[in-house]
1. Do the conditions hold for Ala426, that is, is it over 21 Å from the mean Cα position of the chain (by Cα) and either assigned by the TED database to the domain that holds Lys543 or not charged (D, E, K, R) (or both)?
2. Please go through the range 274-303 and pick out each residue that is in a loop (DSSP other than H, G, I, E, B) and free of Cβ contacts under 8 Å to residues at least 24 places away in the same chain.
3. Among the residues in the range 209-223, are any in the same structural domain as Leu270 (by the TED database), over 17 Å from Val282 (Cα atoms), open to solvent by 70 Å² or more (accessible area, probe 1.4 Å) and polar (S, T, N, Q)?
4. Right, Ala229: touching a strand residue (DSSP E or B) at 6+ places or on another chain (Cβ under 9 Å), over 30 Å from Asp413 (Cβ atoms), among the small types (Gly, Ala, Ser) and without any contact (Cβ under 8 Å) to a residue 24 or more places away in the chain or not?
5. Given (1) more than 30 Å from Tyr205 (Cβ to Cβ); (2) assigned to a helix (DSSP H, G or I), where does Phe104 come up short, assuming only one miss?
6. Would you tally the residues in the range 217-249 being assigned to a helix (DSSP H, G or I) and closer than 15 Å to Phe289 by Cβ?
7. Any idea how many residues of the range 336-347 are open to solvent by less than 60 Å² (accessible area, probe 1.4 Å) and either within 44 Å of the chain's Cα centre (by Cα) or more than 13 Å from Leu379 (Cβ to Cβ) (or both)?
8. Please work out which residue is surrounded by the fewest Cβ atoms within 10 Å (Cβ to Cβ), limiting yourself to the range 244-266 and to residues that are farther than 28 Å from Ser311 by Cβ and in contact with a helix residue (DSSP H, G or I) (Cβ under 6 Å, 6 or more places away or on another chain).
Amino acid sequence: MKKIIAFLLFVSVNTFCFSQYMIVGKDSISLANFKKDYLYGLQNSGVAETVKTTQDFYLLQQFAEEKKADTTATFRNGMARKESELRNKLFLPSNITEPLLNQFINDNKSERKVLVFIKEKAADDKTDYTSVYNEVKSGKMSMEEAMKKYMEKPGGSFYVKPGSLDDELYSEIKTLPKNGYTKLFQTSKIVAFAQNLDSRPSLGYIVFGTISYANDAAAAKMKTDIYSALKSGKKFPEIAKLYGSSDAEKNNGGLVTGSPTLPDAVYAALKGKKEGEYSEPVLVGDKYFVFYIYSLMPYDSDPKNKEFYKSQMMRSQYGELAQKNLIEYLKKQPTYKESATYTAIQKSYASLISEKKSDAVLYSFSNHKLTVEDLQKLLTEKVKDADKLKPEEWKGLLSLINSQFVYNSYEQDFALRSDIKPELDAAKRNFYSEFIFSGWLKQQLATHPEWFTEYYNKNKSKYTWESRADGRVAILTDETLEPSIKKEIADPKNWDSLKKKYEGKANEKTKTAVNFENGEMSETADVFKKYNVPFKKGVFTTKMGTKTLVIAIDSILPPSQMTEKESEEYLKDGVSEEQLNSIIERQRAKTKIIVQPEFLKDLEKNFKK
């Protein structure tokens, strides 16, 4: 008996829960969400009206879908923009981005001068680079000598900013003492190490402009002209247009974005300068350059700079580090699982081939999985000579494939996340509505002018002119003119001469002394209702803010029927509403709509209007 009662109670509870929905075709909304999303309507319009309005909304959405609104370029581009916006904002968890952003900002407070030995190894390269590295580190060979001897295109020293080098290499560089060396980084394809020569404080994130001029006999005069213009207060782009030596300077104020690292001489010239200040000329090559700071942001965690620095970080090598940290984080989540089979095949390629269970799952993330068969197929298609890989290379390849699998799985699920899907659904609804109102309906109205005539003929009584006053108005900014204006405006015959008399005249503040208007004014206009001008023939005055109005009403026009042309703008709303109602009626006739009893009962209990 207890089991039967428990079963009946379970059925009763679940029936109660599942009956709190409104279903409109393939769309549905729970009672809780309805009360949250449509609270204003429930409180102000009542239950019946809000339920009907919501049903109408769903029916119109389904109509847009039937018309394939989601195949239009506007819809697709809009949804892509929305998803991109959400990805930029929410793809990476804050526990990944925040520590990394702090690191990025702190690292950018210093710039390091380095020499980098980097060599792509050919298949027949027999050089012992460990010996080369040890010789450099011990002082038997200088870094410059090693670079010149073994690199095809050895460069010189340069200042490096965080995120411009491989993260592992830069992580070592930033901890090195002056003249210290990183460890040797070596794989079957590449060898690299670096020497830290010096460091200097960053000037901040600088956007600057330049004006350059030749180092020739005319240089002194050019300098005088440029600095005279700068001291006169002229804008830098204007001066660059006059004196710049390149198209970029003449047309774009010599703008340089991205805050590049600067040569020592330029760094020294700009050190201590503020936004809006300029440098003394700096000789770079065969030209002198004048530098101007358009903007300067310090590397700090100010909230107003946060999103900007985050975008800069993600464009740099730190973006790869963020991805790496994300994968490590995801692999610690309960949605990720590895099998014993995956552990076993990491020994060698042969262990994968010998695995008999082709459908054995190696690892899974959420609803995604990779089987033995999937991995074998991937290697056959994408990796050449996988069977010849050394054990450490095989393990590294598997790790790379595994990381890409986890990342791709997370990425594919992004649009389905509980914090993302509602936003995308809302955007979809907005674009469907835009399709109906700005696209389909507008096009239909343009191709069916007869709808306007039919609607006008059926609803003529809606389109009438109310009582109007036909009159003339003088708007005064100089109230001393009121007596003479009032006297002259009374006779309509004086209207043209009155306007001509005050044409071009100004008050003591150089504003036009009198402005003249004429035309019809409806009985409900502010001038009658708010400013208490009598709605009858005569001459009247009123104050409207700082201005004095002298109004001459020549006649009162009785209500009259609008012509179809006169009512054109008003007809648009009426015809649009009629067409929308027609769509809703057709959709309603073919759509199954269910408002479950408990859903309605709860609403009527809590919202009595």
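The values are calculated or read from the model by the stated rules, or taken from the named source; none is laboratory data. As the structure is a computational prediction, the values presented were derived from the model and not from experiment. For neighbour counting, all protein chains shown are included, and Cβ atoms are generated from backbone atoms with ideal geometry for every residue, glycine included. Protein only, heavy atoms only, side chains kept; ligands, DNA and RNA dropped before computing areas. Shrake-Rupley method; radii C 1.70, N 1.55, O 1.52, S 1.80 Å.
1. no
2. Listed by number, the residues that qualify are Lys274, Glu275, Gly276, Glu277, Ser279, Glu280, Gly285, Asp302.
3. Looking through the range 209-223, none of the residues is in the same structural domain as Leu270 (by the TED database), over 17 Å from Val282 (Cα atoms), open to solvent by 70 Å² or more (accessible area, probe 1.4 Å) and polar (S, T, N, Q).
4. The answer is no for Ala229.
5. Here Phe104 clears every test but (1).
6. Taking the range 217-249 and keeping what is assigned to a helix (DSSP H, G or I), we get 219-231, 236-243, 247-249.
Still in the running and closer than 15 Å to Phe289 by Cβ: 219, 222-223, 226-227, 230, 236, 239-240, 243, 248-249.
Total satisfying the criteria: 12.
7. Result for the range 336-347: 6.
8. Lys250
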